[in-house]
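All remarks here apply to the structure that follows.
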Amino acid sequence: MKKYDAVIVGGCASGIAAAITAKKCNPKLNIVIIEKLPRLGKKILATGNGRCNLTNLGAEASDYKNPAFVRMVFEKYPPEKVVDFFGSMGLLTYEDSEDRVYPRSNMASSVLDTLRYEIDGLGIEVICDMPVTQIKKQGDGFCVNGEFFCKKLVIATGGKSSPSQGSDGSGYVLAKQLGHTVTRLYPALVPLTVRDNVKPLKGIRARNVELSLRAEQIIKKTKGELLFTENGLSGIAAMELASVAEESLESVKCKTFTDVDFLPEMSSEELVQYLLNVKKVKGYCDCDMLFAGVLPKQIGIEICKAEKLYSQNKKISQFTHSDILKVAEKAKKFTFEISGTKGFANAQVTSGGVTVSEINGLTMESKLCSGLFLVGEIVDVDAGCGGYNLQWAFASGMLAGENI
Ligand SMILES: Cc1cc2nc3c(=O)[nH]c(=O)nc-3n(C[C@H](O)[C@H](O)[C@H](O)COP(=O)(O)OP(=O)(O)OC[C@H]3O[C@@H](n4cnc5c(N)ncnc54)[C@H](O)[C@@H]3O)c2cc1C
């Protein structure tokens, strides 16, 4: 049986960060990363639309599920430390107006190449094409796949979102083999599906909308871009509702809806005034143009249709005061009934995971099994879009690496 000081199971964001940090802290350590795919870091290449939004300078523990736990990790590894980690390897970054950090090259491949060359340079062994299926506690260490023995073991296998990028949920089985509890899992950051017919709006984007997810009461609100798909709602504002929408559909007996405020920056009164003015100056135009100054034209048409106030060749001047009130109200609250989400196959993140009460947030070591570390998305921590999830993956990986 081959012996190592540390085996890292899973070679993507959190596992690589753990391996590099451990080796830098103690160059004598004999470390191997075992990855099931043919190459390391496949998911990193897909992040940030190929640009890799690797952290967010504004990320705070309160942005995440289980904030008290995340706070312990971020006290040691805040976003600036993740930027420094990459800077120390020669990767320069920049941040956009929303504090999202990207590589200077704007290419996710630069992030992965930087990590891969660092792994080579430090002499960390990598075994690819090898899924880990069994881990057994053996004396004061672990036996991995019946082939490897190590004193320290890191499970960095991700969740079960985007299985085509390797994270197929097998890590939960490994964590359970070692006595850990896994909470209920939901796909997160994934498009919603709706019961309503949204085909006429397919491909249309509305910027800066406000969404309210509601069942018996409002459950969560988001702001941002909304993108209509063939059968649902995508874009950051919709995707950030996904895990709670799934949870609601499963647990609440009544139906789940999302109300869209297409113009959250305007009060209802301001919108009515705006539309009355459009009627005054543009009364001769077709009603397609009623909202065209503030929203994509097709959305305006659907708002009028929803109030049964749309017909071809109808002029804006034909809208009565009461019609204007109705369409203004609709634009402020356009309701869709949620039927589900596009599932784990399309999700960017898994919500749920190894319960945080079983992990020491100061080290990422298991409280149940000494020498075992759990990092990244496998842990019950997740957040919205904008670099937050990679921040968690890198920070928790680095903390574990330091404590190996
Ligand atoms: C399309 C997409 C875009 C995203 N964009 C962003 C973004 O821009 N910013 C951001 O912050 N977050 C983004 N995310 C989320 C982010 O990528 C993840 O949260 C992060 O990669 C999690 O890191 P991880 O190391 O914990 O797990 P993963 O990155 O999922 O890595 C787990 C690794 O373990 C391997 N593995 C799994 N099981 C086994 C096993 N049994 N044996 C051996 N190896 C195994 C997998 O093959 C994989 O390489 C995005 C996700 C997706 C899918």
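A few remarks follow.
- Criterion: in the same structural domain as Glu95 (by TED's automatic domain parsing), at positive phi and open to solvent by 10 Å² or more (accessible area, probe 1.4 Å) - qualifying residue of Gly371, Gly353, Gly376, Gly386: Gly386
Yes/no matrix, rows are residues, columns are (1) in contact with a Pro (Cβ under 8 Å, 6 or more places away or on another chain); (2) open to solvent by 60 Å² or more (accessible area, probe 1.4 Å); (3) more than 16 Å from Arg39 (Cα to Cα):
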site	(1), (2), (3)
Ser109	no, no, no
Asp129	yes, yes, no
Thr133	no, yes, yes
Gly141	no, no, yes
Val144	no, no, yes
Val154	no, no, yes
Thr157	no, no, no
Ser164	no, yes, no
Ser170	yes, no, yes
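- Selected residue [within 15 Å of the ligand (Cβ to nearest atom), in contact with a Gly (Cβ under 7 Å, 6 or more places away or on another chain), of a type in the set (A, V, I, L, M, F, W, C) and over 22 Å from Met398 (Cα atoms)] from Val182, Val154: Val182
- In the condition set (1) closer than 14 Å to Thr341 by Cα; (2) within 18 Å of the chain's Cα centre (by Cα), Phe228 is compliant with all but (2).
- Verdict on Leu57 being open to solvent by 10 Å² or more (accessible area, probe 1.4 Å), away from the ligand (no atom under 13 Å from the Cβ) and among the aliphatic types (A, V, I, L, M): no
- So Leu263, is it modelled with pLDDT of 95 or more, under 29 Å from the mean Cα position of the chain (by Cα), open to solvent by less than 10 Å² (accessible area, probe 1.4 Å) and closer than 22 Å to Ala383 by Cβ: no
- Top-ranked residue in the stretch 1-54 [being touching a helix residue (DSSP H, G or I) at 6+ places or on another chain (Cβ under 8 Å) and farther than 26 Å from Tyr388 by Cβ; ranked as farthest from the ligand (Cβ to nearest atom)]: Pro27
- First in the stretch 1-24 and over 21 Å from Leu54 (Cα atoms), second anywhere and open to solvent by 10 Å² or more (accessible area, probe 1.4 Å) and in a helix (DSSP H, G or I), Cβ under 6 Å, 6 or more apart: Lys23/Leu122
The values are calculated or read from the model by the stated rules, or taken from the named source; none is laboratory data. Quick caveat: nothing in here was measured; it's all calculated off a predicted structure. Cβ atoms come from the backbone with ideal geometry, glycine included; neighbour counts cover every protein chain shown. Heavy atoms of the whole protein, side chains included, go into the accessibility calculation; ligands, DNA and RNA do not. Shrake-Rupley method; radii C 1.70, N 1.55, O 1.52, S 1.80 Å.
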